Amino acid sequence: MTALVAVSGHLPEHRLPIEEPGQRLGLDPMHLKVFRRYHKLDRVGRDPHGDLPALLRGALAGLDALRGQERRVRYVLHARAFPVVVPYPMRPAREVAEEFGLGHAACLTVSHHACASGLLALDLAGRLLAEDGDPDALALVLAGEKVFTGETELVPETSFYGEGAAACLVRADGERDRLLAYAADLRGEFDGDGVDLAPEYQRGYADCLAGAVRAAVGRAGLRIGEIALILPHNVNVPAWQRVCRRLGFPLERVVLENLAASGHVFCADHFLNYRTACERGLLRPGDRYVMAAAGGSAGGVFSAMVFQH
Amino acid sequence: MTQPDELYPSLVETTCALLPAFLGRELPGLSADSELMDALGMTSTAALELILRLELTLGQEVDVDAIDEADFATVGSLARYIAANLLKAA
């Protein structure tokens, strides 16, 4: 079964209070107050002098498990919330792959599930390696984006995007951290330009995401009570309060402490939250945990993965 | 201390009074049964903003930790939630 070998993360030092992008985008002061007071957002990361390769480079620099193992990497997958993240003809994942001795690897972009593309990339990485049949082969999943356009600054009514990146080494089979199950619920009914769709998506969000978590946990042969932690995509606290109520899962076991200081870091949230969980000793060997995310552009995707630490 | 049942009618009235300005359009016939999301097209985030504006009017904060979509269903359900979750004076 697909296994995570190592995870690293990188966040820029510079932070902006959410009022700065919010005012620039013309948000009403009361709307910003909702984000701060209820959604528990505070600041977002920005690297004013670095480009996307710089962010990805920062994550790779911390991936110690890659050193000396470069030749084993067959695939580099860049998980993106947005399909276009740099001007043509820049190829940020290819650029950093070559810098880190991975120029021989096939380089792919995965963006079809929007902010849930990180989980899709993990699944795809494992399947590609399993198909190749080399037990020693590895794949590298990268996540992270720059706030490149106005669309990438704000998740309307929901959150602010923050810059940052993560890197994850994957193998086709292994004991730790082993992927036990994956569930992705694709909701085409939320795709379109109709003004009614955004409220419909918001209304269905908690049920759909809780449903994906329940499906993944069920496929792993577990009950929700056996899950130690949820590593979320960092949208806002009220969204996770609602999901937890539907799951009967304590909010205290959702790793949300990066939300206030960093915002929603595109597809990298789970990996950054994984690092936080490990650094805080929240995961013991054998613990089962969930990575969960929703993607909201061009339809709705609600995804969850169950791992054993 | 005022009980939630006693607060409910005035909260419905205050909410109905705020809604036209909040949504920027005339809303004839507002009542406790008026559906905030289905009929008036509000999102849960807009409903939270409405709660903020109600707090300013009431001079009291509302604890929203337990709020759910069902509480945003109608003017009456929102008023009921607020009545039961008022905190200290803002």
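The values are calculated or read from the model by the stated rules, or taken from the named source; none is laboratory data. Everything numeric here is computed off the predicted structure, so don't read it as measured data. Because the Cβ atoms are built from the backbone with ideal geometry, glycine has one as well, and the counts that use them run over all protein chains shown.
When you go through A:Ala166, A:Ala210, A:Ala181, A:Ala137 one by one, which is the residue that is touching a helix residue (DSSP H, G or I) at 6+ places or on another chain (Cβ under 7 Å), within 14 Å of another protein chain (Cβ to nearest Cβ) and modelled with pLDDT of 95 or more?
Criteria check complete, one pass: A:Ala210.
Looking at this structure, is A:Asp134 charged (D, E, K, R) and within 20 Å of the chain's Cα centre (by Cα)? Even if it seems obvious, please write down each step before you answer.
Numbers: charged (D, E, K, R): yes; within 20 Å of the chain's Cα centre (by Cα): no.
Answer is no for this residue.
Give the residue, chosen from A:Val44, A:Val34, that is buried (at least 16 other Cβ atoms within 10 Å of the Cβ) and more than 14 Å from every other protein chain (Cβ to nearest Cβ).
One residue alone meets the criteria, A:Val44.
For region A:269-297, which positions are under 15 Å from A:Ala143 (Cα atoms) and of a type in the set (Lys, Arg)?
Correct list: A:Arg275 only.
From the list A:Val243, A:Val147, A:Val237, pick out the single residue that is among the β-branched types (Val, Ile, Thr), within 21 Å of A:Ala121 (Cβ to Cβ) and either touching a residue at least 12 places away in the same chain (Cβ under 8 Å) or touching a helix residue (DSSP H, G or I) at 6+ places or on another chain (Cβ under 6 Å) (or both).
Among A:Val243, A:Val147, A:Val237, only A:Val147 is among the β-branched types (Val, Ile, Thr), within 21 Å of A:Ala121 (Cβ to Cβ) and either touching a residue at least 12 places away in the same chain (Cβ under 8 Å) or touching a helix residue (DSSP H, G or I) at 6+ places or on another chain (Cβ under 6 Å) (or both).
Go through (1) more than 12 Å from chain A (Cβ to nearest Cβ); (2) on the phi > 0 side of the Ramachandran plot and name the single condition B:Leu27 misses.
Going through the list (1) more than 12 Å from chain A (Cβ to nearest Cβ); (2) on the phi > 0 side of the Ramachandran plot, B:Leu27 breaks only (2).
Quick check on A:Val290: is it aliphatic (A, V, I, L, M), touching a residue at least 40 places away in the same chain (Cβ under 8 Å) and either assigned to a helix (DSSP H, G or I) or more than 27 Å from A:Met1 (Cα to Cα) (or both)?
No; evaluated as a whole, the condition is false for this residue.
Considering each of A:Gly225, A:Gly211 in turn, give the residue that is touching a strand residue (DSSP E or B) at 6+ places or on another chain (Cβ under 7 Å) and either of a type in the set (Asp, Glu) or assigned to a helix (DSSP H, G or I) (or both). I'd like the intermediate steps shown before the answer.
Details: A:Gly225 fails: touching a strand residue (DSSP E or B) at 6+ places or on another chain (Cβ under 7 Å).
Going through A:Gly225, A:Gly211 in turn, the sole match is A:Gly211.
With respect to the numbered conditions (1) surrounded by 15 or more Cβ atoms within 10 Å (Cβ to Cβ); (2) within 12 Å of the chain's Cα centre (by Cα); (3) under 27 Å from A:Pro156 (Cα atoms); (4) of a type outside the set (D, E, K, R), which one is the sole condition not fulfilled by B:Leu58?
All conditions are met except number (3).
Condition test on B:Ala17, is it more than 14 Å from chain A (Cβ to nearest Cβ), over 21 Å from A:Gln241 (Cβ atoms) and touching a helix residue (DSSP H, G or I) at 6+ places or on another chain (Cβ under 6 Å)? Walk me through it before giving the result.
Details: more than 14 Å from chain A (Cβ to nearest Cβ): yes; over 21 Å from A:Gln241 (Cβ atoms): yes; touching a helix residue (DSSP H, G or I) at 6+ places or on another chain (Cβ under 6 Å): no.
In short, no.
Would you confirm, using the coordinates I've provided, whether A:Gly126 is of a type in the set (Gly, Ala, Ser), more than 11 Å from A:Leu142 (Cα to Cα), more than 14 Å from chain B (Cβ to nearest Cβ) and assigned to a loop (DSSP other than H, G, I, E, B)?
On the way: of a type in the set (Gly, Ala, Ser): yes; more than 11 Å from A:Leu142 (Cα to Cα): yes; more than 14 Å from chain B (Cβ to nearest Cβ): yes; assigned to a loop (DSSP other than H, G, I, E, B): no.
Spelling it out, it is not the case that A:Gly126 is of a type in the set (Gly, Ala, Ser), more than 11 Å from A:Leu142 (Cα to Cα), more than 14 Å from chain B (Cβ to nearest Cβ) and assigned to a loop (DSSP other than H, G, I, E, B).
For region B:28-76, name all the residues that are assigned to a loop (DSSP other than H, G, I, E, B), without any contact (Cβ under 8 Å) to a residue 40 or more places away in the chain and of a type in the set (A, V, I, L, M).
Scanning region B:28-76 gives B:Met37, B:Ala39, B:Leu40, B:Met42, B:Val64, B:Ala66, B:Ile67, B:Ala73.
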